[in-house]
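Here the structure is laid out as structure tokens; the discussion comes afterwards.
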Amino acid sequence: MFMMMMVIKNKHLFYTNNQIHCIHTRFKTNLHPPTVNLTKFQKGVYYSAIKIFNNLPYNIKDLANETVLFGML
């Protein structure tokens with residue numbers, strides 16, 4: 001729960017797949033995980049939060065985007 005709130009409040013720190021490439025896929029609104037080689041970074045909060053957020057159902061991700069747009073948090 002803490003990681004999801006961190007992602008929602010700090011959305012400006014993350015890139016979406018749509019910002020990385022201009023191919024319109026069904027995963028264009030997912031957060032783009034950075035390419036890293038260190039396991040320590042992959043187990044960290046930043047990378048883990050991206051993986052967890054991307055595995056959420058679309059409805060929940062859509063609600064998270066709406067709360068950021070309307071400034072409810």
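Since every read-out is calculated from the coordinates, none of them should be taken as a lab result. Note that this is a predicted model, so its numbers are computed, not measured. Positions of Cβ are backbone-derived with ideal geometry, glycine not excepted, and every protein chain shown enters the neighbour counts.
Before moving on, here are some points about what is shown:
- Average Cα contact separation per residue, the chain, under 8 Å, 6 or more apart, as relative contact order %: 33
- Dipole magnitude for the range 2-70: computed about the Cα centre from +1 point charges on Lys and Arg Cβ and -1 point charges on Asp and Glu Cβ, it is near 200 debye.
- Put simply, the amide H of Thr16, placed in the peptide plane, has neighbours under 5 Å in His32, leaving out anything fewer than 5 places away on its chain.
- Distance from the alpha carbon centroid of the range 1-21 to that of the range 27-49 works out to 11 angstrom.
- As a proxy for reagent exposure, ranking Thr16, Thr35 by other Cβ atoms within 10 Å from fewest up yields Thr35, Thr16.
- For volume of the Cα convex hull per residue in Å³, the value calculated from this model appears in (i) 108; (ii) 84; (iii) 96 under label (iii).
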